[in-house]
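The values are calculated or read from the model by the stated rules, or taken from the named source; none is laboratory data. Just so it is clear, the model here is predicted, and its values are computed rather than measured. Neighbour counts are summed over all protein chains in view; Cβ atoms, including those assigned to glycine, are modelled from backbone coordinates with ideal geometry. Side chains are part of the model used for accessible areas, which takes the heavy atoms of the whole protein and leaves out ligands, DNA and RNA. Shrake-Rupley method; radii C 1.70, N 1.55, O 1.52, S 1.80 Å.
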Amino acid sequence: MLEINSIIAFLAKYLMRRITFHRVIAAGLLLIAGLSCHAPRKDQHKDMTDHKWWKEAVVYQIYPRSFMDSNGDGIGDLKGIISKLDYIKSLGVNVVWLNPIYSSPNDDNGYDVSDYRNVMKDFGNMADFNAMLKGMHERGIKLVMDLVVNHSSDEHEWFKQSRSSRTNPYRDYYHWWNADRGKPAPRYSLFDVNHDAWMYDSTTNAYYLHYFSRKQPDLNWENPKLRQEIFDMMKFWADKGIDGFRLDAFQFAAKDTTFPVFPQGYEKEFTKYYAMQPGLHEYLKEMNNQVLSKYDVMSVAEGAGNSFQDAHDLVDANRDELNMAYAFEGVDIAKPEGYSVLHFKEVFSKWDSVFAKKGWLSIFLANHDQARLVSRFGNDDPKFREVSSKMLTTFIMTMRGTPYYYNGDELGMTNAGFKDINDYRDKATLNEYQHQMNIGGNMAEFMRQTACSCRDNGRTPFQWNSNANAGFTTGAPWIKVNSNYTTINEAVQDKEPNSPLNYFRKIVKLRKENAVLVYGKYTLLDKSNPDVYAYTRELDGKKFLILLNFRSDAKAANIGLDLSKAKILIDNYTEPSTDGKLKPYEAVVYQLQ
Ligand code: GLC
Ligand code: CA
């Protein structure tokens, strides 16, 4: 049915660049397999043995709009974060990734920047930023900032200039197509109501390009002046002492500016056409040379291209581009109808093996663009919510790669599943709702899918306590608080020794105290077990075994190891099972040697 197809297309569209991975993985594998046949390069082992703070880090992602409101306007802010720095420190995490806090008209919650050197009024001012950074550093926490430079806001001064005349010096900061040449070849937009990435502007009788919303015009990276502006701006923040950059949507930054016609149906796999285009590596090398290499900062790009080779090319230490890959294949596994544990194991094992000798990965199952971790990958039924959330936390904290953990997941916060479109705030969702209305889509189905998959599920306010609005604000929150805040909140969990929150603290500590969990070799056991994920991690004579039951009933693992002398380091049940089976969603970490 057409409308169902369009809905699925929408839900997939935002994620489509990620889905493309599935189609190109085989090619990627072949490439990598091919590589490993060559004689090893001298520096091939360099990445793995090279200890780095960003490999040993546990990254905690803060969505500032929803974390803590200090002044009762219903919007989280920097002073709110400052008031919670001791909480963040208590988690044991040592890096914070902060979603964009720059000046912005908020078409896409800060991913539409109107001034890169200033702080969004909703969030405070530069003095607040400086105080926040100082407060983090005093507590041994580093700060990674979002860098949104595939596009700016249409309210950025550059764009105002650029659109004002065809001869304005800022004209080439963006991509324009003069309408005298006719209509440009179609380009797909992720967020536009019509999915059309070309917006006509009558001032100069020309179209501008926007891969995201109309208020997010794409910057022209071919222009050396633009690049210099961005590098100078990065230095401005690095000079303030920030510790890293997360490059938003950057794999799309390079474009073939002749704008050739793409084949029919290209939009179904547009990442293939948008990501990693010629020029991108040169831009990254220049960025590395001018900025990244001059500071002790970490760098991670959102997305990792179209193949393992792309991912490697972004992060291999000897290429001097970025530090670590952030690939979407894992986070995309969970679908509203569920997922296969075998597939989950296969994907994570594959990415680990491909990066076993070179490069470095991020490990994550959630972020601000996803619905909630426990609702997507675990079981948010009250009976299993806590234990399944702790099981997923165990996975994230025991894999090789740098863990990225999204705020609120340490409490096992769940999807809000709003039923009314008026409760949603996400522009992509609201635009798609409009699109579906325009084309006569199946709105009931659209709302059902939105309730489980919309990224607003992950953006409801942090649940601090059982006071009004979960203690997040004294005013009216910008987005509704999840109604389960009276039972799921930080104050309650802080006091409860076995809460998801305290479990998170324990396992972060375990990771930080055991280099084997960071650098140790990963080996998958009991590969064909459809319910249990079992693997070992080994380093310098130390060997850990991790057993994770992904099911709501007891399951056995077939690992062929004698565990009678093994030491249990952590278990998400107070009483581990004794009958050889794992309890529902049980997670255990053993030390074998
Ligand atoms: C990235 C961000 C997302 C944003 C988009 C456009 O995917 O993670 O939140 O909407 O880029 O900037
Ligand atoms: Ca506020």
Kindly list the number of the only condition in (1) of a type in the set (A, V, I, L, M); (2) in contact with a strand residue (DSSP E or B) (Cβ under 8 Å, 6 or more places away or on another chain); (3) more than 16 Å from ligand 2 (Cβ to nearest atom) that fails for L85. (2)
Given the conditions (1) within 14 Å of ligand 2 (Cβ to nearest atom); (2) closer than 24 Å to M234 by Cβ; (3) of a type outside the set (D, E), and given that S152 satisfies all but one, which numbered condition is not satisfied? (1)
Kindly indicate which of A566, A515 is small (G, A, S), in contact with an Asp or Glu (Cβ under 8 Å, 6 or more places away or on another chain) and either open to solvent by 50 Å² or more (accessible area, probe 1.4 Å) or touching a residue at least 12 places away in the same chain (Cβ under 8 Å) (or both). A515
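For residues that are open to solvent by 70 Å² or more (accessible area, probe 1.4 Å) and closer than 23 Å to E410 by Cα, tally how many sit in the stretch 569-593.
We begin by selecting, within the stretch 569-593, every residue open to solvent by 70 Å² or more (accessible area, probe 1.4 Å); these are 574-575, 578-579, 581, 593.
Applying the additional criterion that residues be closer than 23 Å to E410 by Cα yields 574-575.
The total comes to 2.
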What are the residue pairs meeting all of these: first residue in the stretch 193-218, first residue under 18 Å from D112 (Cβ atoms), second residue among the hydrophobic types (A, V, I, L, M, F, W, C) and not in a strand (DSSP E or B), Cβ atoms under 6 Å, and 6 or more apart or on different chains? L209/A197; H210/A197; Y211/A197; Y211/F252; F212/L190; F212/F191; S213/F191; P217/F159
Which of the residues belonging to the stretch 209-239 are surrounded by 18 or more Cβ atoms within 10 Å (Cβ to Cβ), more than 16 Å from ligand 1 (Cβ to nearest atom) and not in a helix (DSSP H, G or I)? N220
Is it fair to say F250 is more than 30 Å from G135 (Cα to Cα) and either β-branched (V, I, T) or surrounded by 14 or more Cβ atoms within 10 Å (Cβ to Cβ) (or both)? no
How many residues, within the stretch 104-128, are more than 15 Å from ligand 1 (Cβ to nearest atom) and either under 17 Å from the mean Cα position of the chain (by Cα) or small (G, A, S) (or both)? 2
Of all residues being in contact with an Asp or Glu (Cβ under 8 Å, 6 or more places away or on another chain) and open to solvent by less than 70 Å² (accessible area, probe 1.4 Å) in the stretch 472-484, which is farthest from ligand 1 (Cβ to nearest atom)? Just the residue, please. G475
Filter result for the condition that a residue is part of a loop (DSSP other than H, G, I, E, B) and either within 16 Å of ligand 1 (Cβ to nearest atom) or open to solvent by less than 40 Å² (accessible area, probe 1.4 Å) (or both), over P461, P497: P461
Unique residue being within 16 Å of ligand 2 (Cβ to nearest atom), of a type outside the set (F, W, Y) and farther than 21 Å from R511 by Cα when the list is R376, R455, R459: R459
Taking the condition over 17 Å from the mean Cα position of the chain (by Cα) and in contact (Cβ under 8 Å) with a residue 60 or more places away in the chain, does K419 pass? no
Only residues that are crowded, with 19+ Cβ neighbours inside 10 Å, more than 16 Å from ligand 1 (Cβ to nearest atom) and either assigned to a loop (DSSP other than H, G, I, E, B) or of a type in the set (A, V, I, L, M, F, W, C) (or both): list them for the stretch 129-174, please. F129, M132, L133, M136, I141, L143, W158, Y170
Determine whether A428 is under 23 Å from the mean Cα position of the chain (by Cα) and either hydrophobic (A, V, I, L, M, F, W, C) or part of a loop (DSSP other than H, G, I, E, B) (or both). yes
